[in-house]
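First up is the structure itself, then whatever we jot down about it.
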């Protein structure tokens with residue numbers, strides 16, 4: 001059977017992610033990547049979907065699941081900030097290792113997310129983490145949508161140079177999942 005992700009299952013958890021949680025993901029080469037929960041269980045309309053979590057994923061790969069404080073800075077992001085649900089934790093791909101209070105220097109100032117309307121000629125709109133409009137794009141700029149752990153796996157894999165896991169032969173294709181995520185983001189714009 002083909003694996004669903006490049007990320008390894010570490011430990012399944014039903015614990016609700018909290019602001020400041022630091023978590024690890026393990027790559028196929030056994031190195032660890034670190035992530036952090038920036039906003040936990042956000043209410044709508046302050047998030048693409050109720051209960052969303054805004055996370056950062058950092059670029060440092062480590063042989064041990066213990067990050068250095070300098071590894072958890074906004075200038076070290078591997079991919080733009082991502083809104084996700086709890087499935088990364090409940091499926092065991094994200095393992096919380098500690099919680100540290102978030103300081104101002106731990107955050108992007110401001111966050112930027114792109115909201116687009118599919119099949120329209122409407123211009124892109126850029127918003128912050130509270131859906132307040134921004135005058136222009138500010139990189140790194142994520143998308144205003146809720147993304148699954150499998151989408152995150154694809155983006156992390158691409159960023160570190162690992163081929164993405166091919167779609168399953170049966171069930172939902174990666175393209176269908178991408179379209180579904182995009183449709184969800186459009187629904188939240190209404």
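Within the range 111-154, being touching a residue at least 40 places away in the same chain (Cβ under 8 Å) and assigned to a strand (DSSP E or B) holds for 115, 141, 142, 143, 146, 147.
Every residue, every condition in (1) modelled with pLDDT of 95 or more; (2) under 14 Å from the mean Cα position of the chain (by Cα); (3) within 28 Å of residue 26 (Cβ to Cβ), yes or no:
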{"site": "72", "(1), (2), (3)": "yes, no, yes"}
{"site": "78", "(1), (2), (3)": "yes, yes, yes"}
{"site": "87", "(1), (2), (3)": "yes, yes, yes"}
{"site": "93", "(1), (2), (3)": "yes, yes, yes"}
{"site": "101", "(1), (2), (3)": "yes, no, yes"}
{"site": "109", "(1), (2), (3)": "no, no, no"}
{"site": "159", "(1), (2), (3)": "yes, yes, yes"}
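Filtering the range 1-18 to residues that are within 21 Å of residue 81 (Cα to Cα), crowded, with 17+ Cβ neighbours inside 10 Å and touching a strand residue (DSSP E or B) at 6+ places or on another chain (Cβ under 7 Å) leaves 7, 17. Determine which member of the set 41, 21, 30 is more than 18 Å from residue 128 (Cα to Cα) and surrounded by fewer than 21 Cβ atoms within 10 Å (Cβ to Cβ). From the options 41, 21, 30, the qualifying one is 30.
Within the range 66-78, being in a helix (DSSP H, G or I) and within 20 Å of residue 143 (Cα to Cα) holds for 74, 75, 76.
Checked against (1) touching a strand residue (DSSP E or B) at 6+ places or on another chain (Cβ under 7 Å); (2) surrounded by 18 or more Cβ atoms within 10 Å (Cβ to Cβ), residue 157 passes all but a single condition, namely (1). Scanning the range 51-62 for any residue that is part of a loop (DSSP other than H, G, I, E, B), under 21 Å from residue 128 (Cβ atoms) and either more than 15 Å from the chain's Cα centre (by Cα) or modelled with pLDDT under 95 (or both) turns up at least one such residue.
Between 12, 36, which is outside any strand (DSSP E or B) and either under 23 Å from residue 154 (Cα atoms) or modelled with pLDDT of 95 or more (or both)? The match here is 12. Where residues in the range 79-110 are touching a residue at least 60 places away in the same chain (Cβ under 8 Å), part of a loop (DSSP other than H, G, I, E, B) and out of contact with any strand residue (DSSP E or B) (no Cβ under 9 Å at 6 or more places or on another chain), which of them is surrounded by the fewest Cβ atoms within 10 Å (Cβ to Cβ)? Per the stated criteria, the residue is 101.
The values are calculated or read from the model by the stated rules, or taken from the named source; none is laboratory data. Remember, predicted model here, so these are calculated numbers, not experimental data. Glycine gets a Cβ as well: all are built from the backbone with ideal geometry, and neighbour counts include every protein chain shown.
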